[in-house]
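S.K.: Sharing a structure here in structure tokens format.
The values are calculated or read from the model by the stated rules, or taken from the named source; none is laboratory data. Treat the numbers as computed from the prediction; the structure is a model and nothing was measured. Virtual Cβ from ideal backbone geometry, glycine too; neighbours counted across all protein chains shown. These accessible areas exclude ligands, DNA and RNA; they are computed on the full protein's heavy atoms, side chains included. Shrake-Rupley method; radii C 1.70, N 1.55, O 1.52, S 1.80 Å.
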Amino acid sequence: MSLHPPSPPPTLETVLRLPPEQAGNLVLEGQPHRRITAIVVPPANGPTPPGVTDVELVEEARAERGGCMRQRWHVTFQAPTGEAAAAGTMRHARASTEIALPANGRCAPSDYTTIATPLSPTEGFAALAMLVRFHAGGGSIVFKCTDVTGSKLCRTSKSIRAGLKVGTPWMAMRRQDDIVLWLRTGQRGHVTEVRYNELAPDMVTVDRRYPAPF
């Protein structure tokens with residue numbers, strides 16, 4: 001019985017040259033995953049070590065009870081000192097879970113929200129549905145709003161609802177007894193946080209601020 005040596009880790013150049021599905025099968029060999037539909041090279045978030053390149057592999061979404069779910073694989077490549085980034089080899093891969101509400105009964109290819117442990121996908125779907133309820137309005141919802149960016153978000157309940165409607169939720173988490181959503185807007189450099197307690201969901205705290213530097 002002959003033993004074959006393990007295949008060398010793929011290089012960044014190889015991964016970026018392949019179609020997404022083939023790249024996913026190569027990078028994620030041996031790990032359960034759905035079909036990879038996109039490869040993303042995200043902009044650097046702060047300084048990165050020399051020779052390090054991060055790449056994201058985005059799975060095809062699947063319909064679940066209450067919404068859509070997929071995984072985004074975060075893959076790190078490391079190039080030897082003095083060599084081009086394309087020569088970097090894969091070091092490790094980890095997955096994060098993303099969710100969305102169906103669009104016209106189907107799973108859309110974009111605008112997904114990352115959920116942070118220990119928030120479950122089911123709880124995340126409920127949080128996204130609650131956000132829709134918040135910006136749709138209702139006499140029983142009371143907003144407590146702060147805004148240090150000068151965007152006039154907090155002028156009235158109507159302006160708050162309008163701001164929540166155009167925001168894109170990109171992170172959902174549990175913070176002690178509260179559910180927290182972070183929203184992107186068209187303005188770069190700030191984040192809108194929406195927070196509520198599941199036992200009193202009509203009391204909603206909205207906070208628009210500049211995020212802490214990393």
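S.K.: Step by step: first the residues of the stretch 150-166, then only those that are open to solvent by 30 Å² or more (accessible area, probe 1.4 Å) and in contact (Cβ under 8 Å) with a residue 40 or more places away in the chain, then the one that is nearest to Val206 (Cα to Cα). Which residue is that?
M.R.: First, pick out the residues of the stretch 150-166 that are open to solvent by 30 Å² or more (accessible area, probe 1.4 Å): 150-152, 154-158, 161-162, 165-166.
Then drop every residue that is not in contact (Cβ under 8 Å) with a residue 40 or more places away in the chain, which leaves 151, 154.
On the way: Ser151: 13, Cys154: 9 Å.
Residue satisfying both the conditions and the ranking: Cys154.
S.K.: Here's a follow-up. Could you list, in sequence order, all residues of the stretch 133-148 that are touching a strand residue (DSSP E or B) at 6+ places or on another chain (Cβ under 7 Å) and either assigned to a helix (DSSP H, G or I) or open to solvent by 30 Å² or more (accessible area, probe 1.4 Å) (or both)?
M.R.: Phe134, Ser140, Val142, Phe143, Lys144, Cys145, Thr146, Asp147, Val148
S.K.: Also, quick follow-up: Just to be sure I understand the filter: pairs with C-beta atoms under 6 Å, separated by 6 or more residues or on different chains, first member in the stretch 50-61 and under 16 Å from Ala100 (Cβ atoms), second member open to solvent by 30 Å² or more (accessible area, probe 1.4 Å) and of a type in the set (A, V, I, L, M). Which pairs pass?
M.R.: Val58/Ala38
S.K.: Could you list all residues from the stretch 15-64 that are closer than 26 Å to Gly189 by Cα and open to solvent by 60 Å² or more (accessible area, probe 1.4 Å)?
M.R.: Val41, Pro43, Ala44, Asn45, Pro47, Thr48, Pro49, Pro50, Asp54 - these are the residues of the stretch 15-64 that are closer than 26 Å to Gly189 by Cα and open to solvent by 60 Å² or more (accessible area, probe 1.4 Å).
S.K.: Would you check if Pro169 is assigned to a strand (DSSP E or B) and modelled with pLDDT of 95 or more?
M.R.: Values: assigned to a strand (DSSP E or B): yes; modelled with pLDDT of 95 or more: yes.
So Pro169 passes the test.
S.K.: Quick test of your reading of the structure: Ala103 fulfils all but one of (1) open to solvent by 30 Å² or more (accessible area, probe 1.4 Å); (2) in contact (Cβ under 8 Å) with a residue 12 or more places away in the chain; (3) under 30 Å from Thr156 (Cβ atoms). Name the failing condition by number.
M.R.: Against the list (1) open to solvent by 30 Å² or more (accessible area, probe 1.4 Å); (2) in contact (Cβ under 8 Å) with a residue 12 or more places away in the chain; (3) under 30 Å from Thr156 (Cβ atoms), Ala103 comes up short only on (2).
S.K.: Let me ask something else about it. Suppose we filter the stretch 27-46 for residues that are of a type in the set (D, E, K, R) and in a strand (DSSP E or B); how many remain?
M.R.: Final tally of qualifying residues: 0.
S.K.: Which residue out of Ser96, Ser7, Ser110 is within 24 Å of Gly167 (Cα to Cα), without any contact (Cβ under 8 Å) to a residue 24 or more places away in the chain and of a type outside the set (Lys, Arg)?
M.R.: On inspection, the qualifying residue turns out to be Ser110.
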